[in-house]
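One structure is given below, encoded as structure tokens.
Derivation of every value follows stated rules applied to the coordinates shown; laboratory data play no part. Since we're looking at a predicted model, the values are computed, not measured. Cβ coordinates were reconstructed from backbone atoms using ideal geometry, including for glycine residues, and neighbour counts include every protein chain displayed.
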């Protein structure tokens, strides 16, 4: 109870009362929350960014912070894992931004603070996601084991790149042991899909050192970066210790020259194959692409029942049974015009 005018000031509100007696209830309001200024940020493609900032409010424990992405093609919303603001009861806060895979550009981020009186404050900033060249990829064809003078067959593998089309990528090859596999033995071919390739490795080397292991390296490049894959080729000789790995040829032994005779040859000059696996003493048996590795002994043309039978008159030379020595003139018949044999 008092007389005169009374001015009451609360939160910028002036209440003027002139009654002699009065009773007034004045609500006490909190100041709205605030967020410190956040400067524009940058990060590289596929690289998350954590940003520190501070908040103020009369009740930090109940302060709520939310964030909104201005472009979900670049940064997803919080519920989709694009942004994270850990809860805290202090004024120091952070936000972590996770750019979408292989995306770049500029996106605006808004952070809003809301207190328990539903008062809000929003701070905005931009983050630039810088483009970074992605390294091309290449798959693994798989390790292989082959015999000498045979091939792996087509081995599929895949190349790819985020920014560069497969048709513009480069491929190169290398071998660690050229005595086993030389560079020209490695063939890379395309398919109908430019990202799908085939590689084939063939053993072509002869002589000492043509068996063993060679590491084949395939390298893909996009002009800026490269990646590679390594696979192992093991080249084995045919078994020389009692059978197992020689493969029967498809040419019948009747084509031996002469047929059915031990030690005969194919028309290409190599010895005929005797229809069994490599055994001790089979050095010169004909197999697919190679010979057995032990000194030659025994028959190589007589075991095929389909071989041409021996001539009963002259088993050594069935081509000319009368005269194996001179098949062109088997009878040595005298020339009737030159019986003495001394004419021209």
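What order do you get for 82-88, 229-235 when each peptide is scored by the mean count of other beta carbon atoms within 10 Å, highest first?
Values: 82-88: 14.9, 229-235: 17.9.
Listed from highest to lowest mean packing, they are 229-235, 82-88.
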With just the Cα atoms defining each centre, how far is the stretch 59-75 from the stretch 94-169? Give it in Å. 24 Å
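So how much slack lies between residue 84 and residue 56, counting 0.36 nm per residue of separation and subtracting their Cα-Cα distance, in nm? Could the numbers behind the result be given before it?
On the way: separation 28, 0.36 × 28 = 10.08 nm, distance 1.93 nm.
Answer, rounded to one decimal: 8.1 nm.
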Apply the a/c threshold of 1.5 to the C-alpha gyration tensor of the stretch 137-236 and tell me whether it is rounded, prolate or oblate. prolate
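Give the order of 34, 203 when sorted by the count of other beta carbons within 10 angstrom, beginning with the fewest. Kindly include the intermediate steps, with their values, before the conclusion.
Values: 34 14, 203 24.
Neighbour counts put them in this order, fewest first: 34, 203.
Would you list 91, 134 from fewest to most Cβ contacts within 10 Å?
Numbers: 91 14, 134 18.
Ranking 91, 134 by Cβ neighbours within 10 Å, fewest first, gives 91, 134.
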At 7 Å along Cα-to-Cβ for each site, give me the label-to-label distance between residue 215 and residue 170 in nm. 2.2 nm
Label-to-label distance, nm, for residues given as residue 228 and residue 140 (7 Å Cα→Cβ offset): 1.7 nm
Between residue 108 and residue 206, the FRET efficiency computed from the C-beta separation at R0 = 56 Å comes out, to the nearest 0.05, as 0.20
